[in-house]
1. So if each residue of separation counts as 0.36 nm, and I subtract the Cα-Cα distance between residue 41 and residue 214, what length gain in nm does that give?
2. Which whole-number percent gives the relative contact order of the chain, counting Cα pairs below 8 Å spaced six or more residues apart?
3. Evaluate the distance, in nm, between pseudo-label points positioned 7 Å from the Cα of residue 207 and of residue 23 along their respective Cα→Cβ axes.
4. Calculate, for residue 237 and residue 96, the FRET efficiency according to 1/(1 + (r/R0)^6) with r their C-beta to C-beta distance and R0 45 Å; round to the nearest 0.05.
5. Can you tell me the relative contact order of region 74-165? Whole percent, Cα pairs under 8 Å, sequence separation 6 or more.
6. If packing is taken as the mean number of other Cβ atoms within 10 Å per residue, what is the order of 129-138, 10-19, 160-169, highest first?
7. Report the calculated FRET efficiency for residue 252 and residue 70 (r = Cβ-Cβ distance, R0 = 45 Å), to the nearest 0.05.
8. Please report the antiparallel percentage of DSSP beta bridges with both residues in the chain, rounded to the nearest 5.
């Protein structure tokens with residue numbers, strides 16, 4: 001049976017999915033028993049709410065859905081039994097944070113779904129088809145976690161030891177990194193009087209189209225715009241305009257343009273002469289556009 005320590009959004013989404021599958025659950029425990037009871041009642045299973053100690057006694061596999069800085073202390077606080085599985089749901093923390101549980105004979109693992117959990121109910125509905133990073137030194141636990149992933153409709157990817165920082169940084173770039181770029185776009189549109197809501201209505205379909213193109217044709221095949229067209233004149237003009245604003249937009253524009261240039265070069269989409277023209281345009285010191293008065 002699976003038990004959860006931690007009552008946050010990841011736990012709420014996973015529990016919703018497991019309840020829909022009639023998966024046997026040992027219980028749910030958190031720092032505040034009253035809050036845990038309220039959550040269990042909201043999920044339609046008030047009997048799931050437990051103190052941590054009886055949950056640890058009852059569960060065969062315990063998912064630690066607590067903040068990263070609480071995983072190690074949680075793993076050290078309870079009398080795990082030999083063979084019991086203690087699995088954290090962090091993307092960033094290595095399995096070494098579970099070493100105290102391992103010293104008691106427990107098997108350590110990681111199970112990190114690649115999804116946004118800001119709204120647990122919606123996240124539960126979107127979970128099927130997503131990927132989940134699975135890691136465990138014990139082969140049997142590794143297979144158990146892959147089986148859990150399959151039951152949830154997740155695609156399991158095996159994470160090599162020591163790679164969680166790179167993996168999680170990449171996940172952040174692919175999710176919140178996109179939001180940061182959209183924020184810069186919002187700032188640019190705000191400079192000519194368009195609010196964020198209108199900007200999102202206009203640009204989100206463009207973003208979705210770019211992601212759909214990447215899914216269909218790969219990353220290099222999805223790059224569009226002046227870099228992909230080899231249009232150094234447009235790049236020069238845009239950089240001249242951006243230099244009139246705060247430093248952030250131009251720095252981000254240049255960084256992304258260089259990344260696009262490298263991506264297209266690696267895919268053979270640009271010839272040497274075009275690459276040189278684009279590089280020269282990006283290396284030039286942009287002079288601000290002079291706006292005529294009168």
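Here, each number is a calculation from the coordinates, and none is a lab measurement. Bear in mind the structure is a predicted one, so any value in this text is a computation, not a measurement. Neighbour counts are summed over all protein chains in view; Cβ atoms, including those assigned to glycine, are modelled from backbone coordinates with ideal geometry.
1. Between residue 41 and residue 214, full extension yields 58.0 nm more.
2. 11 percent
3. 3.0 nm
4. 0.30
5. Dividing the mean separation by the residue count of region 74-165 yields 27 percent.
6. Most protected by this proxy first, the peptides run 10-19, 129-138, 160-169.
7. Once rounded, the FRET efficiency stands at 0.85.
8. 20 percent
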